[in-house]
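Okay, structure first, notes after.
Bear in mind these aren't lab numbers, they're just calculated from the coordinates by the rules spelled out. Note that this is a predicted model, so its numbers are computed, not measured. Heads up, the Cβs are rebuilt from the backbone with ideal geometry, glycines too, and the neighbour counts pull from every protein chain shown.
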Amino acid sequence: MLPYITKRLLIMVPLLFGITLITFTVIHLAPGNPVEVQTEMSLKVSAQAKENLKKLYGLDKPLHVQYVDWLKRLLKFDFGKSFVDGRKVIDKIVERIPITLTINIFSLMLIFIVAIPVGILSATKQYSLFDKLSTIFVFIGFSTPTFWLALLLMILFGVNMGLLPISGIQSIDVSEMGPFDRLMDWLRHLILPVGVSAFGGIAGLSRYSRSSMLEVIRQDYIKTAKAKGLPESVIVFRHAFRNALMPIITILGLSVPGLIGGGVIFETIFAIPGMGQLFYSSTMARDYPTIMGILVIGAILTLSGNLIADISYAMVDPRVRVRK
Amino acid sequence: MGLLRVIGKRFSKNRLSIIGAIVVLFLITVSLLAPFIAPYDPTTIDVYNVLSPPDKVHLLGTDELGRDLLSRIIWGSRVSLKVGFVAVGIAIMIGIIIGAIAGFYGGKVDAILMRFVDIMLAFPTFFLILAVISILEPSIFTIMAVIGVTSWMDVARLVRAEFLTLKERDFVDAARAMGVSNARLISRHILPNALSPVFVAATFGVAGAILIESGLSFLGLGVQPPDPSWGNILTSGKDNIEVAWWLSLYPGLAILITVLSYNLVGESLRDALDPRLWGAEEE
């Protein structure tokens with residue numbers, strides 16, 4: 001197992017390097033430079049002050065030197081300071097990660113809890129009414145803009161029925177609540193965002209586990225199990241499901257970039273102070289250090305997701321470990 | 001029976017795919033004829049009819065400036081159509097070039113190009129798109145270019161996989177023996193045989209691009225008001241969420257129906273173009 005993990009980690013190194021290179025290039029395509037952006041508001045900034053700012057960002061040096069400098073600071077997770085409020089970028093990102101991760105973990109759990117049973121059921125009862133209905137749901141799930149779904153749910157549960165809060169992660173009067181009420185308040189705020197962010201994933205994963213299950217059901221060992229006269233439930237859960245689960249695990253890792261990226265929209269809609277919302281506001285403010293920081297961290301999170309998927313896959317399927 | 005007829009027959013076997021194709025054609029017609037079928041000018045402000053609910057005069061109601069929602073949705077379909085096709089066109093071109101080169105030459109070239117694909121895939125797409133938009137001015141052209149440049153990776157992988165198997169085939173050897181140049185071998189001999197998965201990916205790609213465009217315009221990073229796009233109409237839906245449900249419901253429904261139709265067409269195109277499935281159901 002260890003050699004496999006080591007090898008996987010080594011593959012990540014050139015990828016990380018490439019990610020930093022692309023991030024750096026993208027931001028430096030910007031017409032003008034951070035100094036222009038920062039000083040364009042006040043035309044009276046003296047040439048001397050501009051020079052100082054350039055020095056501060058190292059913009060007077062050649063591009064490759066700038067890149068190496070940036071890379072060196074990156075190794076220490078030093079992304080520089082935000083243009084907006086002068087705070088350290090890494091601090092701004094780190095304080096946003098927990099809420100984004102919480103929502104993503106909840107929605108991944110929801111996706112798995114709903115999608116896998118749906119997938120199995122439609123596979124074992126292929127062409128049944130349930131299978132047809134779930135197929136229709138899958139297509140609608142793929143085609144629904146999540147932010148629109150968010151709006152509809154906000155109108156339904158928030159505006160019309162007044163059941164659920166539609167923005168933020170806590171109520172205004174949260175400081176007057178006891179610990180239990182506070183937790184309930186927090187959970188109530190999370191229901192809509194988690195539901196919305198899980199929606200597309202449920203469609204995708206149920207489709208995926210359906211086809212994975214259909215594949216397994218056709219195998220010889222399932223026929224053998226049936227011929228032995230084993231009960232249906234044993235065949236489905238003992239023999240088929242375990243093998244169908246393996247490809248499903250990889251989806252977990254692969255869905256990370258979609259979930260993180262999708263956060264931009266629904267965190268903005270629900271006013272959730274997560275990474276996505278920070279990224280959105282940084283984009284609007286052209287806060288390049290923060291944009292670069294989040295791009296790199298988002299890519300690292302994606303790679304970590306892939307890594308976890310690969311490792312868990314290797315854990316359940318010994319063949320992966322030995323194959324070169 | 002000709003190949004096209006087989007594919008056509010298989011495609012039309014599925015009722016849903018026919019519906020999808022009809023809706024797609026209908027939407028294209030609507031966007032081409034927008035100036036003639038839209039009941040009102042989509043940007044004319046009417047201060048006496050602000051946020052009026054759907055009625056006989058304004059079938060789908062009006063927005064916060066009294067503009068007719070139906071007309072704005074009809075004109076907005078042009079944005080979706082343009083962005084969908086242009087962005088996918090760009091993505092396919094990049095994807096074909098990179099995939100063909102990687103698959104044809106193999107070895108180091110392949111390794112480097114595919115690493116590049118891996119790197120591009122490691123970015124959450126939406127982050128990458130937003131980063132690029134942050135340095136350019138948001139407009140429909142920016143959006144088309146950015147979506148195209150960030151969504152070619154799947155096509156590249158598909159084309160590469162096709163090339164890897166096709167280049168070993170006899171007809172390639174034969175062409176090579178006749179002294180056909182590499183460039184001609186790639187573009188005239190192998191590529192035409194590698195295109196069917198690209199068609200499928202393109203159809204799904206249009207659906208994806210329309211979704212991304214609407215999201216970006218919703219965030220104010222895409223098509224800028226007063227020009228209507230389904231995404232930016234939904235922004236006014238959100239701003240008036242407590243009073244005007246129609247501003248949220250209808251534009252989103254338009255997106256859903258459009259994207260759903262392209263997905264349906266893509267799905268049946270995939271089945272129809274997959275020779276492994278041929279004959280299986282031809283009892």
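The figures follow:
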item	result
Spacing of the two label points (7 Å from each Cα toward its C-beta) at A:M246 and B:Y105, in nm	3.6
Where Rh is the Kirkwood radius over Cα pairs, Rg/Rh for the stretch A:139-259	1.18
Counting all C-alpha pairs of chain A, share separated by more than 38 Å (%)	32
Cα gyration tensor of the stretch B:1-148 - equivalent ellipsoid semi-axes, whole Å, descending	40, 26, 11
Label-point gap, in nm, between A:I300 and B:A183 - each point 7 angstrom along Cα→Cβ	4.5
Per residue convex hull volume, Cα atoms of the protein assembly as shown, in Å³	227
Cα pair distances in the stretch A:167-324, grouped into 10 Å bins until the bin that holds the longest one, percent each	9, 24, 26, 21, 13, 5, 1
A:M161-B:L3 pseudo-label distance in nm [points 7 Å out on the Cα-to-Cβ vector]	5.4
Ratio Rg/Rh [Cα only; Rh per Kirkwood] for the stretch B:1-70	1.30
Global size of chain B as Cα Rg and Dmax, reported in angstrom	22.3, 77
The protein assembly as shown - charge dipole about Cα centre, Lys and Arg +1 at Cβ, Asp and Glu -1, debye rounded to 20	2220
Net length gained if the chain between B:L51 and B:R15 were fully extended (0.36 nm per residue, minus Cα distance)	9.0 nm
FRET E, pair B:R176, B:D41, Förster distance 51 Å, beta-carbon r, rounded to 0.05	0.25
For q = 0.28, 0.32 Å⁻¹, Debye-computed log10 I/I(0) when each Cα of the stretch A:188-241 counts as one equal scatterer	-1.01, -1.14
Range in chain A, longest, excluding exposed GluC sites (Glu not before Pro) [loop by DSSP; at most 15 other beta-carbon atoms within 10 Å]	A:96-324
Proportion of all alpha-carbon pairs of the stretch A:237-292 beyond 19 Å (%)	49
Taking chain A and dividing mean pair separation by its residue count, relative contact order in percent (alpha carbons under 8 Å, at least six apart)	25
Long pairs among A:K61/A:K81; B:K108/B:K167; A:K7/B:K167; A:K132/B:K13, criterion Cα-Cα beyond 23 Å	A:K7/B:K167
